[in-house]
Amino acid sequence: MRIGVNTRLLIEDKLEGIGYFTLKTLERMTVAHPECEFVFFFDRPYNPKFVFAPNVRAVVIPLPTRHPLLWYIYFEILLPIYVKRYKIDLFLSPDGYIPTWGKIKTLPVIHDINYEHDPSFMGRKSYLRYYKYFFPIFAKKATRVATVSEFSRRDIASVYQIAENKIDVVYSAAKEEYKPCSKEEIVTTKARYTDSKDYFYFVGSLHKRKNLANLFRAFDLFKTETQSDVKLVIVGSKMWWKGEVAEAFEAMKYKDEVIFTSRLSTEEVNRIASASIACMFVSLFEGFGVPPLEAFRSGTAAVVSDVTSMPEICGDAALYADPLDPDSIKRAMMQLYSDPDLRQSCIDKGREQANKFSWDKTADLLWNSIIKTIQQ
């Protein structure tokens, strides 16, 4: 069997969420299945380290896919030519994009469809138009569809009007590098970032969907009630720093107690997580939600939203809050701050919950979906 793969997000030093999903699944599947040939389709020069095994052939389709017009040309015009040229039996797309014509069997991984529920979650209007038009077509055209949670499976089936049994769940996972730090590392980390004060932390893009506005409001309520010296550490790029998020921050009474680090390495985020009171992840919409699992692996607790996929992914290991209610978020923060036994219970449960997800399991689930697709 010859499997073509959309590997355009395998970009050196720029592996975001879906790019990392692509990396961790493909490096396992290619090695585990030497009987198959994998043809990786890149949209620019690639790092040879992404050719994971002898059964991988790398092909560059020379059109960097930087905006919707180029997406269209790449997937609708160029890719079908290359799929035919290399006699591909099945086309796997970890970021969901597939050609909408031709007889090739296709398996897109559609991680979530948050933009269908709130168009403002998609920053650029041109991107939104493309997603709103093409992703329903991708879902209907695909031989099968994979996604990363039961929540997303039900959501995609309902919104795009396709059968749930056409969609396979291939849960994502946290990076293996996350682990509890030593007491010495915890002391050093707190000294570096918060002048040795306790803190909650958030990690991710500072995007409306991540609900920083209500996190800032909740932190103000927490500080007002406790009069403590606890800080809030924000790890992430300010690329989306505008509108309600920026306004909520400027309105804070305790904004001087919020520390921004910008983006950090995995190792440094692990240190921040391990030394914290808890991870704050009260997102408005998540198809999976990796940061709480990373927190669990780091040996800390988590406060998460009680909506979308979060209860499914975090089980009974997290404290839940209504993301639309700052007071609800504040109450969860208060519980972990004031009750060491509860926090330790969350840490213990979190360790068990994180162990339910691994990249080995994800790769196996995705491979099973490939087999269903080729047999269909």
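The values are calculated or read from the model by the stated rules, or taken from the named source; none is laboratory data. Fair warning: this is a prediction, and the values are worked out from it, not measured in the lab. Using ideal geometry, Cβ is built from the backbone for each residue, glycine included, and neighbour counts are taken over all protein chains shown. Only protein heavy atoms, including side chains, enter the accessible area calculation; ligands, DNA and RNA are left aside. Shrake-Rupley method; radii C 1.70, N 1.55, O 1.52, S 1.80 Å.
What are the ³J(HN,Hα) values, in whole Hz, obtained from phi via the Karplus relation 6.51 cos²θ - 1.76 cosθ + 1.60 with θ = phi - 60°, for each residue of the stretch 323-339 in sequence order, with x given for Gly and Pro?
x, 8, 10, x, 5, 5, 5, 4, 4, 5, 4, 4, 4, 6, 6, 9, 10
How high is the relative contact order of the stretch 2-140, in percent, counting Cα pairs under 8 Å that sit 6 or more residues apart?
23
How big is the Rg/Rh ratio for the stretch 163-229, C-alpha atoms only, Rh by Kirkwood, two decimals?
When Rh is taken as the Kirkwood radius, the ratio is 1.14.
For the stretch 309-376, with every protein chain kept in place, what is the accessible area per residue (1.4 Å probe, Å²)?
The answer is 48 Å² per residue.
Please give, to one decimal in nm, the separation of the simple spin-label points placed at Tyr82 and Asp327, each 7 Å out from Cα toward the Cβ.
Result: 5.5 nm between the two label points.
Given a cut-off of 21 Å, what percent of all Cα-Cα pairs of the stretch 204-308 lie beyond it?
Every Cα pair in the stretch 204-308 considered, those over 21 Å come to 33 percent.
Put +1 on the Cβ of each Lys and Arg and -1 on the Cβ of each Asp and Glu in the chain; which of Ala317, Tyr337, Thr373 then has its Cα farthest toward the positive end of the dipole?
The listed residue farthest towards the positive side: Thr373.
Quick check: net charge around Ile110, other residues with Cβ under 13 Å of its Cβ, Lys/Arg +1 and Asp/Glu -1?
+1
Could you please tell me the mean projected area of the C-alpha convex hull for the stretch 121-202, averaged over all directions and given in square nanometres to one decimal?
About 8.9 nm², averaged over all directions.
On a 29 Å Cα-Cα criterion, which of the cross-link pairs Lys49/Lys210; Lys49/Lys175; Lys132/Lys166; Lys14/Lys166; Lys103/Lys175; Lys105/Lys208 come out too long?
Over 29 Å Cα-Cα: Lys49/Lys210; Lys14/Lys166; Lys103/Lys175; Lys105/Lys208.
In whole Å, what is the distance between the alpha-carbon centres of the stretch 301-376 and the stretch 212-288?
Between the Cα centre of the stretch 301-376 and that of the stretch 212-288, the gap is 19 Å.
On average over all directions, what projected area in square nanometres does the chain have, based on the convex hull of its Cα atoms?
The number I arrive at for the chain is 17.9 nm².
Can you tell me the relative contact order of the chain? Whole percent, Cα pairs under 8 Å, sequence separation 6 or more.
About 16 percent, as a whole number.
Of Ile81, Pro68, His111, which is farthest on the positive side of the dipole of the stretch 1-111, counting Cα position, with +1 on Lys and Arg Cβ, -1 on Asp and Glu Cβ, and the Cα centre as origin?
Ile81
What longest range of the chain stays clear of loop-exposed trypsin sites (Lys or Arg not before Pro) (DSSP non-H/G/I/E/B, at most 16 other C-beta within 10 angstrom)?
Answer from the scan: 264-355.
Suppose we take every Cα in the stretch 1-147 and form the convex hull; what volume per residue is that in Å³?
In the stretch 1-147, the Cα hull volume divided by residue count equals 107 Å³.
Compute the FRET efficiency between Ile18 and Ser228 as 1/(1 + (r/R0)^6), taking r as their Cβ-Cβ distance and R0 = 41 Å, and round to the nearest 0.05.
0.60
Accessible area of the chain with a 1.4 Å probe: how many percent of it is carbon plus sulfur?
Summing carbon and sulfur atoms, their accessible area is 52 percent of the total for the chain.
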